[in-house]
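Working notes, beginning with the structure itself.
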Amino acid sequence: MCRFQQADHHLRPIIQWIQNNRSPSQAELFLQSRCTKHLWSMKALLELRQGVLYYYWITVRGRRRLFVVPVQLRENVMSSCHDLKAAWHLGID
């Protein structure tokens with residue numbers, strides 16, 4: 001997962017900022033994608049653990065740590081969660 005996240009042009013800057021313990025300047029952030037800006041706006045919910053970027057999903061039941069899916073894997077993840085009979089999340093046609 002780490003390798004895929006590092007290759008993702010939306011996630012790479014965020015990972016670097018967190019690794020270097022710094023925030024981007026407004027000018028630097030302005031040049032980033034909408035996805036990068038959106039994720040960075042929620043930086044309090046992000047964590048880098050063993051090189052993998054996670055997002056904390058907060059619900060009434062508590063916090064859940066979820067890894068941030070890189071663009072390259074999103075279609076596969078969505079397909080696995082919705083299309084496989086074993087996933088039991090078939091969606092609505």
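The values are calculated or read from the model by the stated rules, or taken from the named source; none is laboratory data. Treat the numbers as computed from the prediction; the structure is a model and nothing was measured. Don't worry about glycine lacking a Cβ; one is built from the backbone with ideal geometry, like all the others, and counts go over all protein chains shown. Surface areas here come from the heavy atoms of the whole protein model, side chains and all, with no ligands, DNA or RNA. Shrake-Rupley method; radii C 1.70, N 1.55, O 1.52, S 1.80 Å.
Overview of results
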item	result
All positions within segment 1-21 that are among the charged types (D, E, K, R) and open to solvent by less than 100 Å² (accessible area, probe 1.4 Å)	D8, R12
Filtered residues of segment 32-70 (kept if in a helix (DSSP H, G or I) and either in contact with a Phe, Trp or Tyr (Cβ under 9 Å, 6 or more places away or on another chain) or among the aliphatic types (A, V, I, L, M) (or both))	K37, L39, W40, K43, A44, L45
Single residue of L29, L73 found to be part of a helix (DSSP H, G or I) and modelled with pLDDT under 95	L73
Tabulated pairs, segment 29-41, first charged (D, E, K, R), second modelled with pLDDT of 95 or more and open to solvent by less than 90 Å² (accessible area, probe 1.4 Å), C-beta under 7 angstrom, 6+ apart or interchain	K37/L29
First in segment 52-65 and in contact (Cβ under 8 Å) with a residue 24 or more places away in the chain, second anywhere and assigned to a strand (DSSP E or B) and open to solvent by less than 30 Å² (accessible area, probe 1.4 Å), Cβ under 9 Å, 6 or more apart	L53/L46
Among (1) without any contact (Cβ under 8 Å) to a residue 24 or more places away in the chain; (2) open to solvent by 70 Å² or more (accessible area, probe 1.4 Å) - the single one Q72 does not satisfy	(1)
Test: Q26 is open to solvent by 60 Å² or more (accessible area, probe 1.4 Å) and on the phi > 0 side of the Ramachandran plot	no
Of residues in segment 38-57 being open to solvent by 50 Å² or more (accessible area, probe 1.4 Å) and over 12 Å from the mean Cα position of the chain (by Cα), the one nearest to H10 (Cα to Cα)	S41
Selection count where residues are assigned to a loop (DSSP other than H, G, I, E, B) and hydrophobic (A, V, I, L, M, F, W, C), scope segment 1-26	2
